[in-house]
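Structure, as structure tokens:
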Amino acid sequence: MKTDTAFKVHLVSLGCARTLVDSEVALGGLAKEGYAIVHEPEKADVAIVNTCGFIEEAKMESIETILRLCQMKKEGRLRAVVVLGCLAQRYGAELQKELGEVDGVIGTNSFADLPRLLAPLRNKKSEKIFDVTSHPRYLLDETTPRYRLTPPHTAYLKISEGCINACAYCVIPQMKGRHRSRSIDSIVNEAKARAVGQQTSEINLIGQDTAAYGFDRDRTFQLPQLLEALAEAKAAPWIRLLYAHPAHVTEALVETMGRHSAICRYVDFPIEHSHDAVLKRMNRAVTRAKMEWGIEALRRRMPGAAIRTTVIVGFPGETDEEFEDLLDFLRQTRFERLGTFMFSREEGSRAYDMPDQLPQKVKEERFRAVMSLQREISNQIQESFIGKEVQVLVDEKAGEDGVYYGRTEADAPEVDGQAIIHTERKLAPGDFVRMRVTDALEYDLIGAC
Ligand code: SF4
């Protein structure tokens with residue numbers, strides 16, 4: 001069905017890497033149906049915001065972006081504005097009622113249906129579009145058209161959708177639905193297609209909880225089998241694991257990661273807290289002992305591995321003693337990479353109604369305490385690389401001649417540090433180089449090759 005190619009679509013992708021893949025699916029389907037994808041809202045007929053609805057801060061960013069585009073529409077610089085994704089899934093009816101300028105509200109079950117859903121806009125019909133399913137079930141596969149939003153040499157492979165867990169502070173299961181995993185063949189075929197088509201140097205495996213991969217299929221954790229298949233398929237020189245819930249990190253997984261050099265000595269291992277009483281109130285379904293085992297096992301099987309984690313400060317009822325316990329745990333464990341969140345009281349989550357909600361001031365104090373401790377730790381870890389050689393994946397040329405930006409195995413895209421490479425050689429994105437580290441910053445390394 002050849003559509004009006006002049007119908008131009010601009011998409012703003014907010015939130016996490018999982019949302020970015022949803023945006024690639026949304027644009028991939030539209031491009032396949034002849035919609036023109038434009039990179040400036042001024043050049044578009046319709047602007048789509050693929051939103052994040054996780055916590056207050058992210059919700060505010062989504063709302064501000066929607067209002068900015070609605071203002072452009074009021075000024076006649078846009079014909080339509082569509083709200084897509086997590087915020088639409090969570091607050092669909094409210095958004096449609098309160099934001100009169102918005103032409104469409106589309107939830108997390110319909111990323112691949114945009115050509116059908118946007119047809120009224122293309123045919124200049126003024127009807128409002130509303131498509132929010134209470135239980136999203138959508139799951140992409142290797143045949144799903146994708147419009148690449150990452151540089152060619154690095155890609156996100158979404159291996160599952162939805163979540164198997166029920167953390168008390170989290171509404172993602174409500175926005176993304178029940179845990180559902182793609183088949184190993186589907187993921188390997190996509191990886192192979194990318195390896196051939198685009199010479200992908202790095203594949204980042206994502207999901208809400210990648211370590212629970214496959215459990216919905218036959219009640220076993222199948223990530224080891226998937227990693228084995230991707231390594232055997234030589235899918236990419238670097239295969240990186242993100243979002244692995246500590247509760248589901250197994251001996252088999254650690255062993256498989258250690259056995260294959262293509263699997264990055266890196267894992268994103270979100271602990272959220274260290275104190276068993278807090279972990280219980282958070283319903284994290286994991287204990288401090290289990291997490292300590294996971295960290296020790298990963299470091300023993302992959303010497304020099306970088307472990308990234310995230311922690312939440314200010315969870316309801318978090319006592320000074322429990323917070324001190326978290327600081328001690330971070331001091332002892334010395335995570336290579338760490339992100340911190342202040343607890344966000346999200347309606348619809350079980351933690352929303354919990355007693356002993358902490359004042360914002362206390363949350364901010366604890367946030368600063370964790371960040372300053374981690375800055376110290378990160379500085380020491382980074383400085384320990386001075387004089388050593390590290391493998392770096394080149395991402396892009398810097399503005400200055402002879403300077404390039406890249407990442408080591410310990411740096412995931414977007415969330416971690418960088419390597420700043422000085423060289424007389426001509427490098428290209430996707431190249432791997434051996435960089436001698438000459439200096440270190442809090443989160444970045446500087447060197448030459
Ligand atoms: S693991 Fe917990 S925090 Fe992460 S998406 Fe699932 S429920 Fe939310």
Can you list the HN-Hα couplings for the stretch 329-336, worked out from phi with the Karplus curve (6.51, -1.76, 1.60; θ = phi - 60°), rounded to whole Hz and with x for Gly and Pro? 4, 5, 4, 6, 7, 6, 5, 6
Give the separation of the Cα centroids, the stretch 1-54 to the stretch 308-371, in Å. 36 Å
By DSSP, what percent of the beta bridges with both residues in the chain are antiparallel, rounded to the nearest 5? 30 percent
Accessible area of the chain with a 1.4 Å probe: how many percent of it is carbon plus sulfur? 52 percent
By accessible area with a 1.4 Å probe, ligands and nucleic acids excluded, highest first: order of Tyr35, Tyr352: Tyr352, Tyr35
Using alpha carbons only: equivalent-ellipsoid semi-axes of the stretch 389-448, gyration tensor based, whole Å: 16, 13, 11
At q = 0.06, 0.11 Å⁻¹, what log₁₀ I(q)/I(0) does a Debye calculation on the Cα points of the chain give, no solvent, two decimals? -0.27, -0.94
Determine which lysines satisfy two conditions relative to Lys97: a Cα distance under 20 Å, and not lying fewer than 8 residues away in the same chain. Lys59, Lys73, Lys74, Lys125, Lys128
The distance between the Cα centres of the stretch 254-293 and the stretch 372-422, in whole Å, is 24 Å
How high is the relative contact order of the chain, in percent, with contacts defined as C-alpha pairs under 8 Å that are six or more residues apart? 10 percent
Isolated Cys residues of the chain, judged by Cβ distance under 4.7 Å to other cysteines: Cys16, Cys52, Cys70, Cys86, Cys163, Cys264, Cys449
Shape call for the stretch 8-131, from the Cα gyration tensor axes a ≥ b ≥ c (a/c under 1.5 means rounded, otherwise prolate when a/b beats b/c, else oblate), comes out rounded
How are the alpha carbon pair distances in the stretch 82-185 distributed across 5 Å bins from zero to the largest one, expressed in percent? 2, 11, 18, 19, 19, 14, 10, 4, 1
What order do you get for 309-318, 323-332 when each peptide is scored by the mean count of other beta carbon atoms within 10 Å, highest first? 309-318, 323-332
Over the stretch 154-383, what relative contact order in percent results from Cα pairs under 8 Å that are six or more residues apart? 18 percent
The chain, helix-only ellipticity at 222 nm - DSSP H runs n ≥ 4, -39,500 (n - 2.57), divided by all residues, nearest 500: -11000 deg cm²/dmol
Normalised Cα Rg of the stretch 67-112, dividing by 2.2 N^0.38 Å with N its residue count, works out at 1.14
Residue by residue through the stretch 36-42, which ³J(HN,Hα) values in whole Hz follow from phi under the Karplus form 6.51 cos²θ - 1.76 cosθ + 1.60 (θ = phi - 60°), with glycine and proline marked x? 8, 9, 10, 9, 10, x, 4
How big is the gap, in Å, between the Cα center of the stretch 77-113 and the Cα center of the stretch 141-201? 23 Å
As a test of understanding, state the convex hull volume per residue of the stretch 165-210 from its alpha carbons, in Å³. 91 Å³
Please calculate how many Å² of accessible area the chain carries per residue, with a 1.4 Å probe and no DNA, RNA or ligand atoms counted. 42 Å²
Which length gain, in nm to one decimal place, applies between Glu40 and Leu67 when the Cα-Cα distance is subtracted from 0.36 nm times their residue separation? 8.1 nm
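The values are calculated or read from the model by the stated rules, or taken from the named source; none is laboratory data. The structure displayed is predicted, hence computed values, not measured ones. All Cβ positions, even for glycine, are placed from backbone atoms using ideal geometry, and neighbour counts span all protein chains on display. Calculation scope for accessible area: heavy atoms of the full protein, side chains included, ligands and nucleic acids excluded. Shrake-Rupley method; radii C 1.70, N 1.55, O 1.52, S 1.80 Å.
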